[in-house]
Amino acid sequence: RMSRHYTWAVVASLFLSLSTVAQADTFPLNNLHLEDNPKIIYRVSPSDFHRIIARVKREFEPIVRSYGATLQVEEAWSDSTVNAYPKRPSPDVWVVRMFGGLARRKEMTQDGFALVMCHELGHHLAGYPLKGPLGNPWSASEGQADYWSTQVCARKIWWNDREENARHRLIVD
């Protein structure tokens, strides 16, 4: 006979796993793409979009290679989707998909966009806890990807920006 605690643990883990099956995106399904106007550039321009992605990719490609995989970033500037997500079409190809609709949101900053890229990369690199067998079994959980994005990725991409960091100390209260 299964104990009551074991039964609840199984039910809870199934519920949590099922909640990750439908979407592996940063944001839930939404219709924010309807608000997108590619003619208006807020704080992330097309050149910023590609520069930020290239910087994060450059820092982490060697690490992904050390796992025997190749990092690919699908840069969809013209796509109005307000989202981003990781995927693994095969064990040795790790993909991050970034959309222009997210970058063009009026709330988005260049730093925020870099952290989204870090978060998606964190699904590949952050480790346990994972989403589980019914989600993406290779993918770090949302909380783990969040933690990794700030504790590992942000530090790695910005560690040498001493002048920029010092300048921000004067304008951020």
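Once segment 116-173 is narrowed to residues that are of a type in the set (S, T, N, Q) and closer than 20 Å to residue 85 by Cβ, the residue that is most open to solvent (accessible area, probe 1.4 Å) is 150.
Residues in segment 86-101 that are touching a Phe, Trp or Tyr at 6+ places or on another chain (Cβ under 9 Å), of a type outside the set (Val, Ile, Thr) and assigned to a strand (DSSP E or B): 86, 87, 88, 94, 97, 98, 99. Among the residues of segment 131-144, is any free of Cβ contacts under 8 Å to residues at least 40 places away in the same chain and hydrophobic (A, V, I, L, M, F, W, C)? Checking segment 131-144: at least one residue is free of Cβ contacts under 8 Å to residues at least 40 places away in the same chain and hydrophobic (A, V, I, L, M, F, W, C).
Scanning segment 109-141 for residues that are out of contact with any helix residue (DSSP H, G or I) (no Cβ under 8 Å at 6 or more places or on another chain) and part of a helix (DSSP H, G or I) turns up 111, 112. With the structure loaded, tell me whether residue 155 is in a helix (DSSP H, G or I), of a type in the set (Lys, Arg) and either within 19 Å of residue 60 (Cα to Cα) or touching a residue at least 12 places away in the same chain (Cβ under 8 Å) (or both) or whether it fails that test. Spelling it out, residue 155 is indeed in a helix (DSSP H, G or I), of a type in the set (Lys, Arg) and either within 19 Å of residue 60 (Cα to Cα) or touching a residue at least 12 places away in the same chain (Cβ under 8 Å) (or both).
Here 99, 49, 15 are screened, and the one residue that is of a type in the set (Phe, Trp, Tyr), at pLDDT 70 or above and either touching a Ser or Thr at 6+ places or on another chain (Cβ under 7 Å) or exposed (fewer than 13 other Cβ atoms within 10 Å of the Cβ) (or both) is 99.
The conditions of being modelled with pLDDT of 95 or more and within 14 Å of the chain's Cα centre (by Cα) are met by residue 114.
The values are calculated or read from the model by the stated rules, or taken from the named source; none is laboratory data. Just so we're clear, the structure is a prediction, and the values are computed from it rather than from any experiment. Glycine gets a Cβ as well: all are built from the backbone with ideal geometry, and neighbour counts include every protein chain shown. The protein model used for the area step is the full one, side chains on, heavy atoms only, and it has no ligands, DNA or RNA in it. Shrake-Rupley method; radii C 1.70, N 1.55, O 1.52, S 1.80 Å.
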